[in-house]
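Scroll down for the structure; my scribbles are underneath it.
Derivation of every value follows stated rules applied to the coordinates shown; laboratory data play no part. Just so we're clear, the structure is a prediction, and the values are computed from it rather than from any experiment. FYI the Cβ positions are ideal-geometry reconstructions off the backbone, even for glycines, and counts take in every protein chain you see.
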Amino acid sequence: MDIIPQLILNSIIAGAIYSMIALGFNLIYGTTKFFDLGYGALSAVGGYSVFYFYKTLGLDLYVSIVLGILIAGAIGLIVYKSVYSPLRKRKSSGMVLMVAALGVLTALQAIIAILFTSQFQTLSQSVGSERIFNILGGVITQTQLITLLIGLVIMTIIGLVFRYTLFGKAVKAIGDDEEVSKIVGINTEKIVSWVFFFGSAIGGLAGILIGFDTGIEPTMGLSLLLKGVIACVIGGIGNVYGGVLGAFLLAFIENFGIWQISGEWKDAIAFVVLIIFLLFRPQGILKK
Amino acid sequence: MEYLIHIAILISIYGILGLSLNLVVGFTGLLSITQAAFYGIGAYTTAILLTGTGMNFFMAVILGMVISGVCSLAIGFVLSKFKDDYYALGSFGFNVIIYSIFLNWQSLTRGPLGIPGIPRPSMFGFTFSENVWFLVLSVVLLAIIYLVCQFITGSSFGRVLKAIREDEQAISVFGYRTLWYKLAIFVIGAMMASVAGSLFASYITFVDPSSFALTESIFILAIIILGGLANNKGAVIGAVCLILLPEILRFVGFPNDIAAQMRQVTYGVILILLMLYRPQGLVGEYRL
């Protein structure tokens, strides 16, 4: 196993996960313009739902996954309806929403920990016996390949929806100016609710895929979310492709950064990259 | 009795942290979520100096303040380039970076193992080894810091800070260099947090990185948001409430690990409810 191809593959795998988080986050941020930190906990919600249905109740794998995605989406929607929507109606500042989102994150994580303990759990039944592909001297597992494919598919779907459907255009319009969108007759409340549902579902799916790849724990959300946010800022916040580009760039920087120094520095590297970008190119690589 | 003293010491420590962050968030309107980093710098400086060189506690406190001050000057300078949400995101970043340093600079901090056996403070041959005397010391330090905060916020310097919070552009038109004011208060806040860190290290006699993670910063933020922004009394009241609350939960009879999670749920729910129904907190004079 050569080191360079494996590093490249690792970067691509990490990039696939980050890009899913970034896609969901970007969708929500692009529409509502606030940092929904509570979104991080929804990956854990997705992962643990599958854990419950698949491993505890013994339901069929695909049924469990679909249920997990739906539950993550539903909880995202409930949080929006009960917390963010009233705040947004009152024209609260972005900071109020961010603090409320911090509350959502803390509470959701802890509830999951009470229900399922804070132990590290893995979703896949057969650890170590997964199909493995050799590419250019590096190794990639089946789950990781699936993650990569799903990430690309979701990106394409979101891109197409934005370009060709009325819903996508409405979402874009709200992102540009919510007041004007209301005036021209867009039901903004309904559209934003759907955005939260879809965004949260994507976050949940990311959590599920991570659960099959490595494993889940209640506090997985925050660091994951921060990576997604960093990816969005690097790539261009509010831009669908920017988030994905940023995710892969971030993954490459992280993985090649820890080539020479200890892997524990990964998070620090990510934030150094964030701060550099915020200082010198706050609009990201691809402007919206 | 010992138990009550323990709670009172914790309240003093978190009271200091609340006061220090309130200067930055409440009075100046900068949503900084990195206070635990300076708290940690104070704690680690004390721990390393006391165990390594046998220096006097009070000298170590002063050195800790100096180191925190220098770090916060650099961090504050970078953060001053950002606004609102991005300020918060950037401050997140610095917390993660400093936490990584605690975790990975193993030759200095012993990484995840932490530093045990930190001695209690001593002065003129008298050692604060009894918790009662340690409580006296903490309360005296809390009182001093409270008075300093009162002095700062009541002075003309404090009025400029409030003006920056309300309208930075307007006050800079009057010829005030807002950058220097923001830097000054950020550094003062960090130095105060460092004092709290020194107290914590020598009280618990053990430090490890987990006490200074991002969640700790969020907890300190919750203290001042609950107590009330831009009110020094509020910061202390917030500390009293948030330290007492989980202790009450403990008496309700939850098992220990669930009680810890219940605490998190309570903090989260408190943040959400405050943002929804009382964004100025209990006695606050400013809403985010």
**Prompt:** Using a simple charge model, +1 on the beta-carbon of Lys and Arg, -1 on the beta-carbon of Asp and Glu, nothing else, what dipole does chain B show about its Cα centre, in debye to the nearest 20?
**Reply:** 400 debye
**Asked** When the dipole is taken about the Cα centre of the range A:17-224, and only Lys, Arg (+1) and Asp, Glu (-1) are charged at their Cβ, what size is it in debye, to the nearest 20?
**Response** 520 debye
**Request:** May I ask you to sort B:THR34, A:THR117, B:THR215 by Cβ crowding, counting other Cβ atoms within 10 Å and putting the fewest first?
**Result:** A:THR117, B:THR215, B:THR34
**Note, ³J(HN,Hα) from phi for the range B:61-70, Karplus 6.51, -1.76, 1.60, rounded to Hz, x at Gly and Pro** = 4, 5, 4, x, 4, 5, 5, 4, x, 5
**Asked** In what order do B:CYS71, B:CYS149, B:CYS241, A:CYS232 fall by count of nearby beta-carbon atoms within 10 Å, going from fewest to most?
**Response** B:CYS241, B:CYS71, B:CYS149, A:CYS232
**Fill in**
Projecting the Cα atoms of A:SER92, A:TYR54, A:ALA41 onto the charge dipole of the range A:17-224, where Lys and Arg contribute +1 and Asp and Glu -1 at Cβ, the residue farthest towards the positive end is A:SER92
**Complete:** Per residue of A:259-267, other chain Cβ atoms within 10 Å number on average 3
**Rounded to whole Hz, the Karplus (6.51, -1.76, 1.60) HN-Hα couplings of the range B:268-284, x for glycine and proline** = x, 5, 4, 4, 5, 5, 4, 5, 6, 10, 8, x, 8, x, 5, 10, x
**Message:** Which of B:SER138, B:SER122, B:SER211 has the fewest other C-beta atoms within 10 Å, and how do the rest follow up to the most?
**Reply:** B:SER122, B:SER211, B:SER138
**Message:** Amide H of B:GLY228 versus every other amide H placed in the peptide plane: which residues, excluding those fewer than 5 positions away on the same chain, fall under 5 Å?
**Reply:** B:LEU282, B:VAL283
**Request:** Would you mind working out the magnitude of the charge dipole of the range A:1-128 relative to its Cα centre, with +1 at each Lys and Arg C-beta and -1 at each Asp and Glu C-beta, to the nearest 20 Debye?
**Result:** 720 debye
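How many partner chain Cβ atoms sit within 10 Å of a residue's Cβ in peptide A:110-120, on average, as a whole number?
Working: counts 11, 6, 1, 7, 8, 1, 0, 3, 3, 0, 0.
Rounded to a whole number, the mean comes out at 4.
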**Prompt:** When Cβ neighbours within 10 Å are restricted to other protein chains, what is their mean count per residue of peptide B:257-263?
**Reply:** 4
**Fill in**
Long-range amide H partners of B:PHE206, meaning residues 5 or more apart or on another chain whose placed amide H is closer than 5 Å, are B:ILE118
**Asked** Using a Gaussian network for chain A with springs between C-alpha atoms less than 10 Å apart, which of these wobbles most: A:GLY103, A:GLY204, A:GLY151?
**Response** A:GLY103
**Message:** For the range B:73-177, take every pair of Cα atoms, bin their distances at 10 Å starting from 0, and report each bin as a whole percent.
**Reply:** 11, 21, 28, 26, 13, 1
